[in-house]
Amino acid sequence: MTRTVDDLKRAIRDVPNFPKPGIVFKDITPVLLDVELFGQATELMAGPYSEARISRVVCIESRGFLLGAPIALRLGAGLVPIRKPGKLPAASQRVEYALEYGTDALEMHHDAVGKGDRVLVVDDVLATGGTAAAAAQLVGATGAAVMGFSFLIELDFLKGRQRLQGRRVEALLHYT
């Protein structure tokens, strides 16, 4: 695993000042282009939950979709996209959450997750934790159990893990 983690870190591209000045964006595109590395990354992200009897993998728009789909297949679970408002075609439920400046919202089809489901939330990056916490709130409102979170990257210096209320959080790469 150490070699794979090192390979992943080397593959991730830093893009300065994106999407706004002062931000260094972690671009996972080079990982996605390398079929072997992409496969290893999703295998490692699914691994800690292989015995958790996950029934749904909830993935957050948009890069979470790319990682969530192979993880769901690996875990034998259904795939649930969580999207920004107005993007889902059927009846959905919504949660609003605070950002540093303003608010945002996420939506999920109302029938995608239900009581008794065991849910893994997947995204590419854990930063401040606001989006992941909102996803957990959306899932929790259905009566389903959030079994944990799996991220490719965790930006430790932003302390997003603290917003996830002591839940299980796994991340392959850590940036301090």
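The values are calculated or read from the model by the stated rules, or taken from the named source; none is laboratory data. In this text, all values refer to a predicted model and were calculated from it rather than measured experimentally. We place every Cβ from the backbone using ideal geometry, glycine too, and count neighbours over all the protein chains shown. All accessible areas refer to the heavy atoms of the entire protein, side chains included, with ligands and DNA or RNA removed. Shrake-Rupley method; radii C 1.70, N 1.55, O 1.52, S 1.80 Å.
Here are some notes:
- Single residue of the range 86-109 satisfying the filter (open to solvent by 50 Å² or more (accessible area, probe 1.4 Å) and within 27 Å of LYS159 (Cβ to Cβ)) that is farthest from the chain's Cα centre (by Cα): TYR101
- Residues in the range 4-24 that are part of a helix (DSSP H, G or I) and more than 12 Å from LEU172 (Cα to Cα): ARG10, ALA11.
- Output for the range 110-132, where each listed residue is part of a strand (DSSP E or B) and open to solvent by 40 Å² or more (accessible area, probe 1.4 Å): ARG118
- Candidates in the range 25-51 are the residues that are surrounded by 12 or more Cβ atoms within 10 Å (Cβ to Cβ) and out of contact with any helix residue (DSSP H, G or I) (no Cβ under 8 Å at 6 or more places or on another chain); of these, the one that is farthest from VAL169 (Cα to Cα) is THR29.
- Filter pass, ARG161 being over 14 Å from VAL57 (Cα atoms) and in contact with a Phe, Trp or Tyr (Cβ under 8 Å, 6 or more places away or on another chain): no
- Whichever residue in the range 1-51 is at pLDDT below 95 and basic (Lys, Arg) and, among such residues, is farthest from VAL146 (Cα to Cα): LYS20
- One residue stands out in the range 73-93 among those that are in contact (Cβ under 8 Å) with a residue 40 or more places away in the chain and not β-branched (Val, Ile, Thr): the one that is farthest from VAL139 (Cα to Cα), namely LEU75.
- Residues within the range 133-167 that are polar (S, T, N, Q) and surrounded by 18 or more Cβ atoms within 10 Å (Cβ to Cβ), tallied: 2
- Test: residue in the range 60-79 that is crowded, with 19+ Cβ neighbours inside 10 Å, out of contact with any Ser or Thr (no Cβ under 7 Å at 6 or more places or on another chain) and of a type in the set (Ser, Thr, Tyr): no
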